[in-house]
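> Handing you a structure now.
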Amino acid sequence: MIESAYLHVPFCHSICAYCAFERSANLKQIDAWLDVICDEVQTTLDQAKQNDPNFKLKTIYFGGGTPSVLSCTQLSRLASLFSDVFDSSGEWTIEANPESITLEWLQTARSLGINRISIGIQTFDENRLKTLNRHHTPLQAKEAVALCRQVGFESISVDLIYGFAKQTMADLNADLDAFLELDIDHLSIYSLILEPDSALGKRNYVPLDEESNALMYEQIEKRLIQAGFEHYEVSSFARNKKYGLHNSLIWDDGQYFGFGFGAIGRDDHGLYHHSGTLRQYIQKQSKIEYEENANPWFDAIMTGLRTQVGLNIQKWNLRYGFDFKKRYFDVLEKYEQYFVEQNERISLTKQGMEILDTILVEFLMED
């Protein structure tokens with residue numbers, strides 16, 4: 001049974017210079033998009049309830065794009081579709097940008113049952129914000145976190161980017177200082193890697209070199225662990241057990257509904273997405289397409305080994321019909337010093353995480 005749902009809101013006030021996700025700055029399309037996605041959600045959830053009268057979602061994630069571009073009315077229309085199927089003891093996350101967070105919008109989100117917010121701050125440096133074509137100030141970022149607290153959000157996450165051209169370790173530490181001053185319990189970090197069709201990619205912007213990036217990654221880990229955070233996934237840090245439950249379920253080889261154009265979902269047939277363009281989706285000319293040449297057993301290894309808890313070997317064996325230790329004996333032997341096996345799970349040591357990509361290539365080659 002699928003217990004998680006991801007919903008993609010493909011709209012933004014403006015397009016960030018590093019972004020290559022499916023998104024549009026034409027906010028006039030939102031109401032027409034809402035008509036289509038609400039039908040999609042309602043049809044899918046009705047079918048799930050018909051199959052199982054006790055159907056509940058443990059996690060819901062509204063991502064984007066920028067879900068906070070939705071008005072209170074638009075957000076209410078969309079989120080209310082999930083009200084009778086969300087397990088209130090679960091996690092319902094919404095992404096937001098600082099400049100579009102208002103007290104009324106946050107109160108609306110909380111009243112609908114949304115209990116976790118992920119804020120795209122990216123950096124506290126004004127010049128780097130301009131480089132990214134972000135439209136908030138460092139002060140707005142801090143005020144947004146304060147507003148989230150004011151309306152009762154106990155689970156707050158922040159995104160930070162590192163690896164800008166000419167960024168120094170002092171610059172990085174300044175961003176980390178500013179984050180730690182917020183005194184919240186979750187941080188997601190991302191190296192500035194540019195897709196060719198992003199605005200910065202088209203301008204041939206050159207981020208920091210790989211070696212400097214690696215040193216910054218180590219510094220982030222060092223600072224956050226000193227501050228009481230767990231490095232529970234390659235890009236994720238949590239304190240006080242405030243892990244991102246939705247992503248954790250996915251990393252543990254979970255299935256999830258993918259609602260809307262730009263979303264990816266996963267069921268018994270594999271990963272799927274909506275075909276075509278946003279315009280075609282709004283015109284109901286889009287259809288569900290499954291990933292070609294799927295390799296779900298490797299995907300499970302890849303996501304599992306990204307995490308502190310690792311891959312559940314028994315679960316993997318049962319789902320995919322292989323014997324993990326026999327199938328990958330050569331890889332496990334070659335990198336034996338980097339693996340830790342405990343309670344039917346296999347994970348990587350800190351040193352193993354540093355060469356994760358190399359190890360994953362070896363697993364893939366075995367397939």
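The values are calculated or read from the model by the stated rules, or taken from the named source; none is laboratory data. Quantities reported herein were computed from a predicted structural model and do not represent experimental measurements. As a convention, Cβ positions derive from the backbone with ideal geometry for all residues, glycine included, and neighbour counts pool all protein chains shown. Just the protein is used for accessible areas: all its heavy atoms, side chains included, with ligands, DNA and RNA removed. Shrake-Rupley method; radii C 1.70, N 1.55, O 1.52, S 1.80 Å.
> Please work out the FRET efficiency for the pair Asp39 and Ala294, using the Cβ-Cβ distance as r and a Förster radius of 41 Å; give the result to the nearest 0.05. Intermediate results must be reported in sequence, preceding the final value.
On the way: r = 28 Å, r/R0 = 0.67.
It comes out at approximately 0.90.
> Label the range 323-367 by shape, choosing from rounded, prolate and oblate, from the square roots a ≥ b ≥ c of the eigenvalues of the Cα gyration tensor; if a/c is under 1.5 it is rounded, and otherwise prolate applies when a/b is larger than b/c, oblate when it is not. Let's see the in-between values first.
Working: a/c = 1.91, a/b = 1.07, b/c = 1.78.
Taking the square roots of the gyration eigenvalues as a ≥ b ≥ c, the range 323-367 is oblate.
> When you take every Cα atom in the range 5-145, what is the radius of gyration, and what is Dmax, the widest Cα pair distance, in Å?
15.9, 53
> Rg and Dmax in Å for the range 233-367, alpha carbons only: what are they?
17.0, 54
> Something else now. Per residue of the range 103-114, what does 6.51 cos²θ - 1.76 cosθ + 1.60 with θ = phi - 60° give for ³J(HN,Hα)? Whole Hz please, x for Gly and Pro, Karplus curve as stated.
Residue by residue, the range 103-114 yields 4, 4, 5, 5, 4, 4, 4, 5, 5, 7, x, 5 Hz.
> Charges on Cβ only, +1 for Lys and Arg, -1 for Asp and Glu, centred on the Cα centroid of the chain; of Leu208, Phe164, Gly90, which one is farthest towards the dipole's positive end?
Positive-end residue among those listed: Gly90.
> Over the chain, what is the percentage of antiparallel beta bridges among all DSSP beta bridges, to the nearest 5?
Details: 21 of 52 bridges.
Antiparallel bridges: around 40 percent, rounded to the nearest 5.
> With the chain treated as a Gaussian network of Cα nodes joined by springs under 10 Å, which of Val309, Val145, Val340 yields the largest mean-square fluctuation?
Comparing Val309, Val145, Val340 in a Gaussian network model of the chain, the most mobile one is Val340.
> Which one of Val158, Val41, Val331 has the biggest mean-square fluctuation once the chain is modelled by GNM with Cα springs under 10 Å?
Largest GNM mean-square fluctuation: Val331.
> Quick one: work out Rg over Rh on the C-alpha atoms of the chain, Rh as Kirkwood radius. The partial results should precede the final answer.
Numbers: Rg = 20.7 Å, Rh = 21.8 Å.
That ratio equals 0.95.
> Next question, about the same structure. At a 10 angstrom cut-off on C-beta neighbours, averaged per residue, how do the peptides 343-350, 300-307, 107-114 rank from highest to lowest? The partial results should precede the final answer.
Numbers: 343-350: 15.4, 300-307: 21.2, 107-114: 18.4.
Sorting 343-350, 300-307, 107-114 by mean packing, highest first, produces 300-307, 107-114, 343-350.
> If the chain between Lys284 and Ser80 were fully stretched, how many nm would it gain, using 0.36 nm times the residue separation less the Cα-Cα distance?
Values: separation 204, 0.36 × 204 = 73.44 nm, distance 2.23 nm.
That pair, Lys284 and Ser80, stretches by 71.2 nm at full extension.
> For His13 and Glu181, what does the FRET efficiency come to when R0 = 41 Å and r is the distance between their Cβ atoms, rounded to the nearest 0.05? Let's see the in-between values first.
Details: r = 27 Å, r/R0 = 0.65.
That gives a FRET efficiency of 0.95.
> Using each residue's phi in the range 51-56, evaluate 6.51 cos²θ - 1.76 cosθ + 1.60 at θ = phi - 60° and report the 3J(HN,Hα) Karplus result to the nearest Hz, with x for Gly and Pro.
With coefficients 6.51, -1.76 and 1.60, one gets 6, 8, x, 9, 4, 9 Hz.
> While we're looking at this one, here's another question. Given the C-alpha centroids of the range 327-348 and the range 89-153, what is the distance between them in whole angstrom?
Centre-to-centre distance over Cα atoms comes out at 40 Å.
> Hey, if you put +1 on the Cβ of every Lys and Arg and -1 on every Asp and Glu Cβ in the chain, which of Val331, Ile288, Ser68 ends up farthest toward the positive end of that dipole?
Result: Ser68.
> Right, something else. Could you tell me what percent of the accessible area of the chain is made up of carbon and sulfur, with a 1.4 Å probe and every protein chain present?
On the way: 8610 of 17800 Å².
Carbon with sulfur: 48 percent of the solvent-accessible area.
> If you plug each phi of the range 151-166 into the Karplus form 6.51 cos²θ - 1.76 cosθ + 1.60 with θ = phi - 60°, what whole-Hz ³J(HN,Hα) values come out, in order, with x for Gly and Pro?
Running phi through 6.51 cos²θ - 1.76 cosθ + 1.60 with θ = phi - 60° gives 8, x, 6, 8, 9, 10, 10, 10, 9, 10, 10, 9, x, 5, 4, 6 Hz.
> Quick check on packing: order 81-88, 47-54, 175-182 by the mean number of other C-beta atoms within 10 Å, highest mean leading. Before the final figure, lay out each step's value.
Working: 81-88: 15.0, 47-54: 10.2, 175-182: 17.8.
Result, highest mean Cβ count within 10 Å first: 175-182, 81-88, 47-54.
> Still on this model: With a 1.4 Å probe and all protein chains left in place, how much accessible area per residue does the chain have, in Å²? Walk me through the numbers on the way to the answer.
Working: 17800 Å² over 367 residues.
It amounts to 48 Å² per residue over the chain.
> Here's another thing I want to ask about it. Using amide H atoms built 1.01 Å from N in the peptide plane, name the residues 5+ places from Glu233, or on other chains, whose amide H lies under 5 Å from its own.
Gln308
> I've got another one for you. When the C-alpha atoms of the range 69-113 are aligned to their principal axes, what extent does each axis show, in angstrom, from largest down?
Projected onto its principal axes, the Cα set of the range 69-113 covers 30, 18, 14 Å.
> Further, regarding this structure: I need the calculated FRET efficiency for the pair Lys49 and Lys130, taking r as the beta carbon distance and R₀ as 35 Å, to the nearest 0.05.
Working: r = 48 Å, r/R0 = 1.36.
That gives a FRET efficiency of 0.15.
> Given H placed 1.01 Å from N in the peptide plane, which residues other than close sequence neighbours of Ile60 have an amide H under 5 Å from its amide H?
Ala5, Glu91, Trp92, Thr93
> Would you calculate the separation in nanometres between label points at Ser235 and Asp31, each defined as 7 Å from the Cα along the Cα-to-beta-carbon direction?
Reported label-point gap for Ser235 and Asp31 is 3.5 nm.
> At a 10 angstrom cut-off on C-beta neighbours, averaged per residue, how do the peptides 185-194, 63-72 rank from highest to lowest? Don't skip to the end; give the middle numbers.
Values: 185-194: 18.7, 63-72: 22.5.
In decreasing order of mean packing, 185-194, 63-72 become 63-72, 185-194.
> Okay, next question. Using DSSP to call loops (not H, G, I, E or B), can you name the trypsin sites (Lys or Arg not before Pro) in the range 225-298 whose Cβ has at most 11 other Cβ atoms within 10 angstrom? Display every interim value, and only then the final one.
Values: sites: Arg239, Lys241, Lys242, Arg266, Arg279, Lys284, Lys287; in loops: Arg239, Lys241, Lys242, Lys284, Lys287.
Answer in residue order: Lys241, Lys284, Lys287.
> Pull up the DSSP beta bridges for the range 112-226 and report the antiparallel fraction as a percent, rounded to 5. Before the final figure, lay out each step's value.
On the way: 0 of 12 bridges.
In the range 112-226, DSSP labels about 0 percent of beta bridges as antiparallel.
> Given charges of +1 on the Cβ of Lys and Arg and -1 on the Cβ of Asp and Glu, with all other atoms neutral, how large is the dipole of the chain about its Cα centre, in debye to the nearest 20?
That gives the chain a dipole magnitude of about 780 debye.
> For Glu91, what is the net charge nearby, where nearby means another residue's Cβ is under 12 Å from its Cβ and Lys, Arg count +1, Asp, Glu -1? Don't jump to the answer; show the numbers that get you there.
Working: positive: Lys58, Arg116, Lys242; negative: Glu3, Asp87, Glu154.
Computed value for this residue: 0.
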